[in-house]
Every structure is written in structure tokens, then in C-alpha cells.
Amino acid sequence: MRTGQPGLPSPAAHPTSGSTVRLGWLDALRGIAALVVALHHGTYEYLPQFRHEILYFLDPGDCGVLLFFLVSGYIIPASLERTGSVRRFWISRAFRIYPLLLVVLAAVLILDLTGLKAMRAGTLDAYEPVGAVLAHLTMMQDLLAVPNAVNVLWTLSFEMAFYLLVVGLFGLGGLHRRSVTITVVLAVAA
């Protein structure tokens with residue numbers, strides 16, 4: 001086996017030659033995070049006693065979301081660095097997030113308009129409907145104080161804020177290479 005670095009296969013030796021190598025440990029962490037978040041949401045309805053007991057020790061929802069954010073914190077800057085293109089980064093984000101987001105928002109709107117299931121209280125009532133829709137399409141609704149059409153969409157607002165921060169640092173040139181220092185300063189400030 002030919003290697004580029006000691007102990008590592010060359011790109012040609014990899015079964016997915018021509019594409020990026022998947023980091024299996026990140027996929028495993030995403031899977032764990034998804035299971036923990038599913039446990040959190042499932043216990044409301046199906047295991048309320050277990051939920052009551054486990055909340056004494058930890059909140060699985062908080063842990064799962066934190067793990068998702070940590071994985072994103074690792075992979076998003078690496079993805080932008082790998083492609084070297086802000087344009088390609090935004091296109092990949094759009095194709096990864098918007099198709100499902102648009103389906104979910106359309107389904108919520110259809111259910112509300114047909115009277116089958118009312119939209120979350122305050123989503124369109126307290127706000128101009130066009131403003132609420134635009135806030136959701138920017139994925140910044142939570143940061144713009146617009147109630148989420150679906151409760152779990154709050155994570156997208158923070159994900160989008162992170163994308164904007166990472167792209168901003170990348171756009172400033174070498175600043176993204178000093179991200180450890182910037183992260184420590186921001187953590188202390190927070």
C-alpha cells in the first residue's frame with residue numbers, strides 16, 4: 001500500500017478515490033447525538049417515568065444538541081478550509097439544509113391552513129406573516145425573536161450564526177488560522 005504519510009493510505013488507495021474521505025468517528029458522534037436527542041423527545045410521550053429519573057442526572061436533549069454543535073464546530077471550518085471557496089461552502093450548505101427545511105415549513109403551513117394542526121402559538125399571530133416566513137427562510141428566526149414554526153428549528157438559528165462567523169473569519173484572511181485564540185477570547189467574553 002502506497003502512502004502519502006506514514007501509516008496513512010494514499011488517496012488513490014482509498015475506496016472512494018476522487019471524493020473526500022469520511023471521518024467515521026464524526027459520523028459515529030452524529031449518530032450518538034441523534035439517538036440521544038431522539039431519546040429526549042421520545043421520553044416525553046413513551047417513557048415519562050424514565051424521563052423524570054434521568055433528568056436528575058442530565059438532560060439528554062442538552063447533551064445531544066451540544067454534541068451536534070461540537071461536531072459542527074469541528075467539521076464546518078474544516079469543510080470551508082478544504083474547499084477554499086465561500087461560494088462552494090454556501091452552495092453545499094443550501095443543498096444540505098434547504099430541501100428538508102422547505103418541505104417541513106410547507107407541511108406545517110399546509111397543516112395550519114387546513115385546520116388539521118395549528119401552527120405553534122405566536123408564529124404568525126404576533127408577527128407579520130411575511131416577516132415570519134422570511135425569518136424562517138434565513139434560518140435566523142430564533143435570533144430575530146420570531147417564534148419557531150417547529151420547536152426544533154431553534155438549532156438552525158445558531159447553526160446559521162456559526163456559519164456566518166466562520167465565513168467571516170475565513171473572509172478576513174489568516175484570521176481563521178488563529179481560531180483557537182479567538183475562541184478562547186469569545187468564551188471568556190461570554
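The values are calculated or read from the model by the stated rules, or taken from the named source; none is laboratory data. From a predicted model like this one, the values you see are computed outputs, not experimental measurements. All Cβ positions, glycine included, derive from the backbone under ideal geometry; neighbour counts span all protein chains shown. Surface areas here come from the heavy atoms of the whole protein model, side chains and all, with no ligands, DNA or RNA. Shrake-Rupley method; radii C 1.70, N 1.55, O 1.52, S 1.80 Å.
Listed values, structure above:
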item	result
Meets criteria (open to solvent by 50 Å² or more (accessible area, probe 1.4 Å) and either modelled with pLDDT under 85 or part of a helix (DSSP H, G or I) (or both)) for ARG93	no
Flag for ASP62 being acidic (Asp, Glu), in a helix (DSSP H, G or I) and open to solvent by less than 90 Å² (accessible area, probe 1.4 Å)	no
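Quick grid of which residues meet (1) modelled with pLDDT of 90 or more; (2) open to solvent by 50 Å² or more (accessible area, probe 1.4 Å); (3) of a type outside the set (Val, Ile, Thr); (4) within 30 Å of LEU172 (Cβ to Cβ):
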| position | (1), (2), (3), (4) |
| --- | --- |
| ARG51 | no, no, yes, no |
| VAL71 | yes, no, no, yes |
| ILE75 | no, no, no, yes |
| ARG82 | no, yes, yes, yes |
| LEU100 | yes, yes, yes, no |
| ALA118 | no, yes, yes, no |
| THR123 | no, no, no, no |
| GLY131 | no, no, yes, no |
